[in-house]
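Okay, structure first, notes after.
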Amino acid sequence: MTPVRRALAVAAALTGPVLLATGCGSIATTGVVESGSAGTVSLATLPYPDLLYFVSPDGGLVPVTVSDQVRLTPSVVLRMLLAGPGTTARDAGLTTEIPVPDTKEYVATGITAQDNGKSLKVVLPFPVEPLSGLARRQLACTARATAHIDPAPRILLAGTDGKEEQTACEAGS
């Protein structure tokens, strides 16, 4: 091999790695790129599906659709809430703060509209007083979603202790 060919071969052999090494130099950083609002999902359900509110692993309330085919009575929805999360909801990590009543106590439960729809009375099979704030919100949000009344009605929880206490649906707190 001639000295010229040898010099060209060495130059060619060194050019490849040098180009690769310098090609990955500094990459300019960019700021946040705005791309619009978050995506939404449309569900094929009734206009106002019946919802149960359960407690998520982070302590917030999460709505769970009961039925998207048939409208259930408010009392049936309340009894479903009192029974606690189903298998799918439990598998998703959802729990409840509401105590599970004896089955014989379910008979006296219900949700009724009062004052021409300005308030809802939720009759419970246990005392109101020992319920946590989260349990009260579960009951209020479920009653509110089941009643389909606008504007949001006042919600009264009535327990076996004879007490009625007003509560509100604050799902995000």
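Contact map, the stretch 48-61: first residue at negative phi and in contact (Cβ under 8 Å) with a residue 60 or more places away in the chain, second residue part of a loop (DSSP other than H, G, I, E, B) and of a type in the set (A, V, I, L, M), Cβ cut-off under 8 Å, separation 6 or more or different chains; pairs are 50/72; 53/171; 54/94; 55/94; 60/171; 61/171.
Being more than 10 Å from residue 53 (Cβ to Cβ) and touching a strand residue (DSSP E or B) at 6+ places or on another chain (Cβ under 8 Å) is the filter here, so list the residues in the stretch 135-156 that pass it.
Step one: filter the stretch 135-156 for residues more than 10 Å from residue 53 (Cβ to Cβ), giving 135-136, 146-156.
Within the stretch 135-156, 136, 146, 147, 149, 153, 154, 155, 156 qualify.
Considering only residues of the stretch 74-86 that are touching a residue at least 24 places away in the same chain (Cβ under 8 Å) and open to solvent by 40 Å² or more (accessible area, probe 1.4 Å), which is farthest from residue 121 (Cα to Cα)? Going through the qualifying residues, I end up with 80.
Residues in the stretch 87-116 that are at pLDDT below 90, of a type in the set (Gly, Ala, Ser) and open to solvent by 20 Å² or more (accessible area, probe 1.4 Å): 108, 113.
Mind checking which residues of the stretch 117-141 are outside any loop (DSSP other than H, G, I, E, B) and buried (at least 20 other Cβ atoms within 10 Å of the Cβ)? Can you show your working first?
So in the stretch 117-141, the residues outside any loop (DSSP other than H, G, I, E, B) come out as 119-123, 133-141.
Hits for the stretch 117-141 are 120, 122, 136, 137, 138, 139, 140, 141.
Looking only at residues in the stretch 142-155 that are part of a helix (DSSP H, G or I) and either surrounded by fewer than 24 Cβ atoms within 10 Å (Cβ to Cβ) or at positive phi (or both), the one that is modelled with the lowest pLDDT is 147.
Can you tell me which residue within the stretch 157-173, out of those that are assigned to a loop (DSSP other than H, G, I, E, B) and open to solvent by less than 40 Å² (accessible area, probe 1.4 Å), is farthest from residue 50 (Cα to Cα)?
Initial filter on the stretch 157-173 (assigned to a loop (DSSP other than H, G, I, E, B)): 159-163, 168-173.
After this cut, where a residue has to be open to solvent by less than 40 Å² (accessible area, probe 1.4 Å) as well, the list is 159, 171.
On the way: 159: 23, 171: 15 Å.
Checked the stretch 157-173; the qualifying residue farthest from residue 50 (Cα to Cα) is 159.
Scan the stretch 56-73 for residues that are within 21 Å of residue 134 (Cβ to Cβ) and either at pLDDT below 90 or surrounded by fewer than 16 Cβ atoms within 10 Å (Cβ to Cβ) (or both) and jot them down.
Applying the first criterion (within 21 Å of residue 134 (Cβ to Cβ)) to the stretch 56-73 yields 56-66.
Within the stretch 56-73, 56, 57, 58, 59, 60, 63, 65, 66 qualify.
The values are calculated or read from the model by the stated rules, or taken from the named source; none is laboratory data. It should be emphasised that the depicted structure is a prediction, and the values quoted were computed from it without experimental measurement. Using ideal geometry, Cβ is built from the backbone for each residue, glycine included, and neighbour counts are taken over all protein chains shown. Quick note on the areas: whole protein, heavy atoms, side chains included, nothing else; ligands and nucleic acids left out. Shrake-Rupley method; radii C 1.70, N 1.55, O 1.52, S 1.80 Å.
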